[in-house]
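Undergrad: Before anything else, here's the structure in question.
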Amino acid sequence: MQDAKRMQRVWELFDLVVELAPEARASQLGELEPDAAIRAQVEALLHDADTHTVDADALRAPLPPLLAPGTRVGRWEIDELLGRGGMGEVYMAHRFGEDFDQRAALKLLMRMESAEDRAGFVAERQILAGLEHPGIAHLLDGGEFKGVPFAVMEYVEGVPLTRVAGLGLTDKLALVLQACEAVGHAHQHLVIHRDLKPGNMLVTPEGRLKLLDFGIAKHLAPARERDGEVTPSAHASPDYCAPEQLTGAPVSTATDVYSLGVILHELLTGERPWQLTGAPQIRALERLSLPAPQAPSTRVDGALRKSLRGDLDAIVLKALQVDPAQRYRTVDELASDMRAHLAQHPVAARNQTLRYRMGCRIRRHRVAYALAAAVFASLALGLVGVAWQGRQATIERDHARREAVRNNAVRQYLTLMFRSASGTQEHEEVTAKSVLDRAAERVHEEFADDPESYADVALALAELYFQINDYTGARPLLVRLLRDDAGVAEHVRAMAMHDLAQVSFRESQTAQARDLLDQAQTFWKAGPDRFRAELLDSRLLQSQIERAQGDAELALRTLEEALPERVELSGLQHRDTAVLINNLGLAYYQLGRLDDAIVQLKHAHAIWQTLGQENSSDALNTLNNWASAAVQSGRREEAAEIFYRALELRRKLYGPSGALAALMNNLGKTLVQLGRHDEAVPLLREAIAMGREHAGGETGTIALAAGLGLVDAMVGRGEIAEARAKLDSLGPSIMETFGTEHPFAAMLEISRARVEHGEGSAERATAALKLARERLQAMGPAGAAHLAQLDALQQQWRE
């Protein structure tokens with residue numbers, strides 16, 4: 001019993017000082033506890049909390065965990081103790097007796113000495129059961145174990161919001177926006193958290209914020225308000241809570257807004273609005289005597305001060321108003337102002353003067369021009385959803401001006417093309433592709449006397465073809481630009497080589513793509529500081545070529561090494577970062593590391609959602625890849641749903657393209673695996689035709705892959721003769737284009753096996769599968785992702 005009392009005292013002291021500044025803890029411990037041994041144990045636990053390390057001496061406490069590893073609590077088996085507090089213990093646990101793995105955090109209350117404590121714990125479980133949001137840790141289970149209440153929560157692996165390293169200003173605001181979404185969801189269900197602080201807001205390795213611990217949350221329903229209720233100040237952290245929590249005044253959604261304001265201040269400046277010391281009760285009293293906080297920009301220096309001054313100062317100070325009526329009424333209002341700031345629109349917290357509004361407009365359009373993202377912004381003729389993504393302006397001031405001139409020339413030329421196109425045929429539909437085709441036909445003639453402008457416009461038009469995934473249309477522009485190079489700047493030639501390398505790669509001309517990319521990279525490497533962004537962008541194509549040449553491990557390393565530099569250059573919540581993470585997921589997929597692939601692809605999709613670009617072409621590519629990984633993981637029904645969702649959006653928003661053909665191919669082959677052959681056949685036929693037109697012709701990868709899928713679908717429908725004819729037409733093209741060491745060669749044999757089996761020749765079918773297996777195994781990890789399909793087919797035939 002003495003040991004138990006001693007440890008209870010250790011945890012009480014830990015709770016009292018854990019939130020103090022490190023330099024204040026020792027003096028406070030000395031005042032509260034005379035026993036040096038107890039103080040030493042507390043200090044060891046504080047070290048663990050600060051460093052997130054496991055200190056064996058600190059965990060070797062006289063009082064063992066209440067639950068030993070292997071103990072079964074309901075449907076959960078205890079793995080290890082994660083942590084202790086004054087009220088209970090939290091364990092890592094896993095569900096047993098199920099056909100899937102699931103880790104969780106099991107929260108067991110040790111101190112349930114009153115009916116009020118038990119009722120509060122039950123209330124927490126009820127609150128969490130009603131909240132379903134990706135930003136809120138889910139309640140999985142709950143009950144009592146030997147008379148002690150427990151709750152089982154989603155296990156969140158992450159670090160507190162204010163301890164995430166390497167975040168830029170935009171990244172920080174994006175994470176607070178995620179927090180606002182989660183808190184707003186709770187408010188919509190009439191629940192306020194009342195204890196928001198960084199320790200309850202963890203950021204996962206994928207960049208997703210998760211809200212934890214609704215232990216003192218409160219329903220807003222009037223029936224819940226009762227006289228004599230314990231005030232929140234007894235539990236909420238005085239460092240982050242709202243003034244009304246300190247005085248016992250009524251709480252509201254504005255209470256959580258205040259806490260978010262404190263957290264936002266700390267994220268922006270590196271410190272809280274006030275520096276408090278002492279026990280929680282002492283800090284609470286100190287808070288009540290402090291003046292209103294100063295603007296965040298007054299706490300920092302240099303460029304950061306300039307970034308915070310104005311909008312962000314106003315947003316934070318409005319959230320931190322002492323009077324709840326003067327704050328943002330809801331977290332949605334707070335989030336709306338943050339989004340307005342990021343988009344360089346006026347924020348509601350500022351004085352809406354004409355000068356301020358005009359300043360926002362000028363800054364907004366200046367950035368749009370610098371990024372070359374507004375080529376089609378004012379042209380609504382058939383270009384819904386086509387996004388022109390400008391390149392990073394990392395070259396010197398004169399180059400930035402050069403880009404502005406180029407963008408203006410391109411914009412004027414395309415405007416002329418739209419006007420011409422709209423007046424040519426009265427009943428002809430004006431589409432992005434039709435305008436680009438006409439522009440490409442006339443560009444050389446229009447700029448015959450101005451080769452420099454011709455090069456700029458031709459390169460821009462080629463890149464616009466890329467945006468609608470029409471690589472075939474881009475090739476003539478790029479070839480002519482590089483052939484007629486008189487007066488063309490070297491950096492424009494290098495970019496044209498890179499873009500032509502992309503076209504060549506998608507047309508299965510891998511050696512040509514490698515040569516062109518090498519030339520472009522050689523030029524950029526001569527000025528690595530000036531062309532840092534171009535070199536970094538080129539790593540995506542470099543990785544694809546390395547994978548196509550049979551070195552999937554090297555392709556993965558190229559992307560892994562590029563990711564830290566990309567985050568440093570662009571930030572985590574950025575379009576280019578999402579593209580790279582998507583390609584990283586694809587690289588894992590190609591190596592058969594499906595779990596890693598799905599983690600990266602979900603991460604990329606989360607960034608698209610945060611950016612509000614979940615319907616962009618790039619985001620739909622991510623969905624396509626995610627669904628493909630789900631197929632290989634055996635989750636085919638789930639994959640088909642994702643494919644159909646992406647297909648509907650891409651067809652509606654972007655029209656025919658190589659990307660749409662690839663999506664139809666992947667969905668069609670998934671439907672074949674599900675036995676839904678009648679659905680698959682028309683999709684695969686359309687994929688073949690579209691792939692030929694937009695992605696490499698007869699021998700393009702999409703047309704050939706969809707052709708093999710069509711063979712499999714026709715076998716499934718019993719059309720064996722038609723399947724044989726199609727297979728025989730594909731075989732020579734595949735072997736001549738790719739050879740025996742490419743996955744296509746193995747896929748060809750798998751399709752051959754299906755046809756042979758359909759024709760009744762089990763011996764020839766077995767021989768084809770054997771050859772397919774040998775080819776896949778010879779490819780190492782790159783072939784491993786396809787072995788599951790072969791195994792499934794053999795199992796099907798055995799049955």
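Coordinate-derived values only; no laboratory data. Bear in mind that the values here come from a model prediction, so they are computed numbers and not experimental data. Every residue, glycine among them, receives a Cβ derived from its backbone with ideal geometry; neighbour counts consider all protein chains shown.
Undergrad: Report the relative contact order of segment 524-618, percent, no decimals, based on alpha-carbon pairs under 8 angstrom and at least 6 residues apart.
TA: About 20 percent, as a whole number.
Undergrad: Can I ask one more? Convert each backbone phi in segment 676-693 into a coupling constant with the Karplus relation 6.51 cos²θ - 1.76 cosθ + 1.60 (shift: θ = phi - 60°), then list the ³J(HN,Hα) values in order as whole Hz, x for Gly and Pro.
TA: Per residue, the Karplus-derived 3J(HN,Hα) values read 9, 5, 5, 6, 6, 4, x, 5, 5, 4, 5, 5, 4, 4, 5, x, 4, 6 Hz.
Undergrad: 7 Å from Cα along Cα→Cβ at both Asp515 and Ala68: what's the point-to-point distance in nm?
TA: Placing both labels 7 Å beyond Cα along the Cβ direction yields 7.2 nm.
Undergrad: State which entries of Lys210/Lys669; Lys602/Lys669; Lys602/Lys652; Lys197/Lys306; Lys197/Lys602; Lys107/Lys172 exceed 32 angstrom in Cα-Cα distance in the structure shown.
TA: Over 32 Å apart, Cα to Cα: Lys210/Lys669.
Undergrad: Right, another one. If packing is taken as the average number of other Cβ atoms within 10 Å across a peptide's residues, how do 248-255, 193-200, 620-627 rank, most packed first?
TA: Per-residue Cβ counts within 10 Å, averaged per peptide and sorted highest first, yield 620-627, 193-200, 248-255.
Undergrad: How do the peptides 180-186, 593-599 rank, highest first, by the average count of neighbouring beta carbon atoms within 10 Å per residue?
TA: 180-186, 593-599
Undergrad: A follow-up question, please. Using the Karplus equation 6.51 cos²θ - 1.76 cosθ + 1.60 (θ = phi - 60°), what ³J(HN,Hα) coupling, rounded to whole Hz, does each residue of segment 168-182 give in order, writing x for Gly and Pro?
TA: x, 4, 5, 4, 5, 5, 5, 5, 5, 4, 4, 4, 4, 4, 5
Undergrad: For an R0 of 41 angstrom, estimate the FRET efficiency from the Cβ-Cβ distance between Lys652 and Ser761 and round to the nearest 0.05.
TA: 0.40
Undergrad: How much FRET efficiency would the formula 1/(1 + (r/R0)^6) give for Glu637 and His189, where r is the Cβ-Cβ distance and R0 is 25 Å, rounded to 0.05?
TA: 0.25
Undergrad: Placing +1 at every Lys and Arg Cβ and -1 at every Asp and Glu Cβ, with all other atoms neutral, what dipole size does segment 656-799 have around its Cα centre, in debye to the nearest 20?
TA: 160 debye
Undergrad: Between Glu560 and Glu741, what FRET efficiency comes out of the Förster formula 1/(1 + (r/R0)^6) with R0 = 25 Å and r the beta carbon distance, rounded to 0.05?
TA: Once the sixth-power term is evaluated, E becomes 0.55.
Undergrad: Continuing with this model, one more query. Separation of segment 626-669 and segment 505-551 by C-alpha centroid, Å?
TA: 28 Å
Undergrad: Find out how many positive minus negative residues lie around Ser297, taking Lys and Arg as positive, Asp and Glu as negative, among other residues whose Cβ is under 9 Å from that of Ser297.
TA: +3
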